[in-house]
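Chemist: The structure follows.
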Amino acid sequence: MRVMFAAVPAKTIFQYMVPLAWAFRAAGHEVVFASQPGFAGVITSAGLTAVPVGRDRELRMVRSAEELEAERVGIPPPYDAFDDPEKATWEYLKPGMARAANLWHRYGNFPIIADLVDFARHWKPDLVVWEPLTFAGPVAARAAGAAHARLLFSVDVYGGVRALYRRLNERRPPELRSDPMADWLAGYARKYGFDFGEDLLTGQFTVDQLPRSLQVEAEGLSYARMRYVPYGGPAVVPGWLREPPARPRVGFTMGLSATETYTGYNVDVQDVLDHLGELDVEVVATIAASEQPKLRRIPPNARIVSYVPWHALAPTCAAVIHHAGAATLATTALHPVPQLSLHYHFDQPTLARKLAAHGAGLEIHTTRATGPAVAEAVDRLLTEPSFARRAHDLRDEMHALPSAAELVPHLEELTAKHR
């Protein structure tokens, strides 16, 4: 087959897609990865073939750091209706979806749709794999007669809110119904000679990289589950990781986006380190180089590094502390390691609550994540056996999912079915 991947120029989203792209290549299929021209270097650094389409235009180019920071808490509107029942109303979602369709969805997709369609019609892919923000992907697939699939990078926020919006819209009198997202994409369907379908918003099928215990599935959608495979870009495993820790090791990270995209960490790292210093543990904390000068002191039991591959660090830990980013949480869940989630952004609160409900960890919103609270939670993870037992159960659930290589034959069948 010929398989085309398409994504917005966001490294964190791209990295979720790399293992499946490589699984298709390893199975003998032709694979290309399409995105804005300025993103080609990130794609080729993963050993994949880049197809630059359209022109460069990222939302962060026109938004100040202050504006980005204001949007950082929780899920951005109107998709915050996903986890806020008070916002799951027609009155909230109708104008919100209109703004989303006319502003940031259009802004992120308009620069590439025409060129992506042209390339798809030239290259003739059998399957297009797109992430939930790249609606240009299904448009190009339908225009070229290809099957297409969404590949999730976390909880299915977009599919869930789409299902909610459709239910609310169908309850309206026919003359009062409105669907801005459908209207927007229907315009492209007419332009490129095919009929609008709901698949333009949620895919003909969806590849999900989380187990059911951590996912919130959208009503009426077809999911193909895949075990999450860690990929964080080029990395080097430091020599000290080969030495077994003398005391229980606690990994601590608040992710890369906090400093690469936003204005910094939203927990008092010094306070957390000070109180972890009072525990009989070894702490390995990944603190961005730009943030390390802000530390006034480093406890004797702490090692501060700018970066370490989390998939190499996590299995050496007795417990970890993180921001509940899907990649970090899922990487840890591949091992029987209890987790403490200090959550704040996008679907982190949802994932953290799901993890805690499973029993494999604890969760604290960052507004309550003081040093004493974090140290107390870590002590519980290390001393209460139930957390380790449930972490083993979560590990087993993760490993029961098919690998990317094992999923490829199923995706071949789905491709044939939908073409």
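Chemist: By how many nm would the segment from residue 240 to residue 353 grow when fully extended, if each residue of separation counts as 0.36 nm and the alpha-carbon distance is taken off?
Modeler: In short, 37.3 nm is gained.
Chemist: Name the most mobile residue of 15, 292, 348, meaning the one with the largest mean-square fluctuation, in a Gaussian network model of the chain with Cα contacts below 10 Å.
Modeler: 292
Chemist: Can you give the helix-only mean residue ellipticity at 222 nm for the chain, where every DSSP H stretch with n ≥ 4 adds -39500 (n - 2.57) and the sum goes over all residues, rounded to the nearest 500 deg cm²/dmol? Don't skip to the end; give the middle numbers.
Modeler: Working: 17 runs with 176 residues, N = 419.
The helix-only estimate for the chain comes to -12500 deg cm²/dmol at 222 nm.
Chemist: Determine ³J(HN,Hα), in whole Hz, for all residues of the range 323-335 in sequence, where each value follows from phi through the Karplus function 6.51 cos²θ - 1.76 cosθ + 1.60 and θ = phi - 60°; x replaces Gly and Pro.
Modeler: Values, residue by residue: 8, 6, x, 4, 5, 5, 5, 5, 4, 5, 5, 6, 10 Hz.
Chemist: Tell me the per residue accessible area of the range 237-286 using a 1.4 Å probe; a whole number in Å² is fine. Working shown, then result.
Modeler: On the way: 2170 Å² over 50 residues.
With the other protein chains kept in place, the range 237-286 gives 43 Å² per residue.
Chemist: Search the structure for amide H atoms under 5 Å from the amide H of residue 302, placed 1.01 Å from N in the peptide plane, and list their residues when 5 or more places away or on another chain.
Modeler: Amide H neighbours of residue 302, under 5 Å, 5+ apart: 283.
Chemist: Carbon and sulfur together cover what percent of the accessible area of the chain at a 1.4 Å probe radius?
Modeler: Carbon with sulfur: 52 percent of the solvent-accessible area.
Chemist: Still on this structure, please answer the following. Provide, in order from the shortest bin, the percent of all Cα-Cα pairs of the range 104-227 in each 5 Å bin, continuing until the bin that contains the maximum pair distance.
Modeler: Spelled out per bin, shortest first, that is 2, 11, 20, 22, 19, 14, 8, 3, 0.
Chemist: Set the Förster radius R0 to 35 Å, insert the Cβ-Cβ distance between residue 91 and residue 224 as r into 1/(1 + (r/R0)^6), and round the FRET efficiency to 0.05.
Modeler: 0.50
Chemist: List the trypsin sites (Lys or Arg not before Pro) within the range 269-302 that fall in a DSSP loop (any state other than H, G, I, E or B) and whose Cβ has at most 15 other Cβ atoms within 10 Å.
Modeler: 296, 297
Chemist: How many angstrom lie between the Cα centre of the range 282-338 and the Cα centre of the range 110-128?
Modeler: 40
Chemist: Would you compute, for the Cα atoms of the chain, the largest minus smallest coordinate along each principal axis and list the three values in descending order, in whole Å?
Modeler: Principal axes ranked by extent give 66, 50, 39 Å for the Cα atoms.
Chemist: Can you list the residues, at least 5 places off or on another chain, whose amide H is less than 5 Å from the amide H of residue 365, using H built in the peptide plane?
Modeler: Residues meeting the amide H criterion: 343.
Chemist: Leaving out ligands and nucleic acids, note down the accessible area per residue over the range 19-127 with a 1.4 angstrom probe, in whole Å².
Modeler: Averaged over the residues of the range 19-127, the accessible area is 47 Å².
Chemist: Need one number: nm distance between label points at residue 186 and residue 198, each 7 Å from Cα along Cα→Cβ, rounded to one decimal.
Modeler: Label-label distance for residue 186 and residue 198, simple model: 1.5 nm.
Chemist: What does the extension gain come out to for residue 27 and residue 379, with contour length at 0.36 nm per residue minus their alpha carbon separation?
Modeler: This chain segment gains 122.2 nm when fully extended.
Chemist: For the range 1-157, what class follows from the C-alpha gyration tensor (a ≥ b ≥ c being the square roots of its eigenvalues): rounded when a/c is under 1.5, otherwise prolate if a/b is larger than b/c, else oblate?
Modeler: Judged from the Cα gyration tensor, the range 1-157 comes out prolate (a/c at least 1.5, a/b above b/c).
Chemist: Moving to a separate point now. Using a ≥ b ≥ c from the Cα gyration tensor of the range 224-269 (square roots of the eigenvalues), is it rounded, prolate or oblate, where a/c under 1.5 gives rounded and otherwise the larger of a/b and b/c decides, a/b for prolate? Write out the running numbers ahead of the final one.
Modeler: Details: a/c = 1.78, a/b = 1.11, b/c = 1.60.
Oblate, because a/c is 1.5 or more while a/b does not exceed b/c.
Chemist: Can you figure out the FRET efficiency of residue 124 with residue 410, using R₀ = 30 Å and their beta-carbon distance, to the nearest 0.05?
Modeler: Computed FRET efficiency for residue 124 and residue 410 comes out at 0.85.
Chemist: I need the calculated FRET efficiency for the pair residue 399 and residue 176, taking r as the beta carbon distance and R₀ as 45 Å, to the nearest 0.05.
Modeler: 0.35
Chemist: Related question: How about the range 201-287: which GluC sites (Glu not before Pro) there are in a DSSP loop, with at most 13 other Cβ atoms within 10 Å of their Cβ?
Modeler: 219, 278
The values are calculated or read from the model by the stated rules, or taken from the named source; none is laboratory data. Here the structure is a predicted model, which means the values were calculated and not measured. We place every Cβ from the backbone using ideal geometry, glycine too, and count neighbours over all the protein chains shown. With ligands, DNA and RNA removed, areas are computed over all heavy atoms of the protein, side chains included. Shrake-Rupley method; radii C 1.70, N 1.55, O 1.52, S 1.80 Å.
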